[in-house]
Structure formats: structure tokens, C-alpha cells
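Chemist: Just passing along the structure, written as C-alpha cells.
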Amino acid sequence: MSLLDEAREWGIPETIALAWAELHRAFTLLDIARVQQVTAKPLEVVAPTYFAVHNWFRIEELLYRIDGLPSSTKWQAMARASLREDLSAVVPELTVAVLARGSRSPVADQVFRMGGTPPRQTPGL
């Protein structure tokens, strides 16, 4: 389900839902631009690598799990926000690491060789 679909499901007005979904994409594009600056690799290489890393480590799933953590107290909310921020910072760093390997093989193969097999889902996480 897309972010826009989720927002609609929650009953958020269309203009606000659209702005929220676009803003979320903008942060991803900022990460990709930052990786491109650091690595000096073409965007045509950086973007697919970024998304391969994002998918390989199931970042979206982890973010949803973080969102499910309690946030009823100030400290819980701060801890949850910190986890989201830390996880979001890891994807560009991992992307830089994959690109630094300098392989000419397909992006998915590079990510696979870095980690062996895809990470397993940990029950109860």
C-alpha cells in the first residue's frame, strides 16, 4: 500500500495526504543526492543501489515496527524518534559502503555478496 493510500484510508484530506506522501519521497531523494555527493557516482548507479539496500534490509518493515512501539510518555516518544532517525541514517551509509566496493556487477549482486543471504525476520521484534 502506498503512503497516499494509507493517508486516504486514515481519512486525511486529499491535499494533506498528497503533500505528506510527496514529502516522504523528498527525504529519500535527499539521501540519494547526499550519497551521490559523497561517492561521486552517477545518480543512475546511486539510486538503484540505495533502493536495493533499502529493500534488502527491509527498512520499511523495521520503520513500521518502530512506529508500533509505545509512545505514551515523553521518553518513549523520544526513544522511538531516535530509533527512526538512526535507522534512516543507516541506509545512506550502507549504500556508500556497497558503492565503495567498486564492483561492476548488478546492484543486487553487490548487496547479496556483502551480506550472504537476506536477513531473516526476527519473531517478536
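Throughout, read-outs are computed from the coordinates displayed, never taken from laboratory work. On a predicted model such as this, the values are computed, not experimentally measured, just so you know. Don't worry about glycine lacking a Cβ; one is built from the backbone with ideal geometry, like all the others, and counts go over all protein chains shown.
Chemist: Any chance you could run the full-extension gain for residue 87 through residue 39? It's 0.36 nm times the residue separation minus the Cα-Cα distance, nm to one decimal.
Modeler: Numbers: separation 48, 0.36 × 48 = 17.28 nm, distance 2.05 nm.
Length difference between fully extended and current span is 15.2 nm.
Chemist: Using the 10 angstrom Cβ neighbour count as an exposure proxy, how do 38, 46, 98 rank, fewest first?
Modeler: Exposure proxy ranking, most exposed first: 38, 98, 46.
Chemist: Right, here's the next one. Full extension from residue 65 to residue 29: what is 0.36 nm times the residue separation minus their Cα-Cα distance, to one decimal in nm?
Modeler: 10.7 nm
Chemist: Suppose the chain between residue 58 and residue 3 were pulled fully straight at 0.36 nm per residue; how much longer would it get relative to their current alpha carbon spacing?
Modeler: Taking residue 58 through residue 3 to full extension adds about 18.2 nm, to one decimal.
Chemist: Same structure, new question: Can you tell me what percent of all Cα-Cα pairs in segment 14-83 are more than 15 Å apart?
Modeler: Value for segment 14-83 (Cα pairs over 15 Å): 68 percent.
Chemist: How large is ³J(HN,Hα) for each residue in segment 55-71, as worked out from phi by the Karplus curve 6.51 cos²θ - 1.76 cosθ + 1.60 (θ = phi - 60°), to whole Hz, x for Gly and Pro?
Modeler: 6, 4, 8, 6, 4, 4, 4, 5, 5, 5, 5, 4, 4, x, 5, x, 9
Chemist: Test of understanding: ordering 10, 56, 20 by Cβ neighbours within 10 Å, fewest first, what list do you get?
Modeler: Taking fewest neighbouring Cβ atoms as first place, the list is 10, 20, 56.
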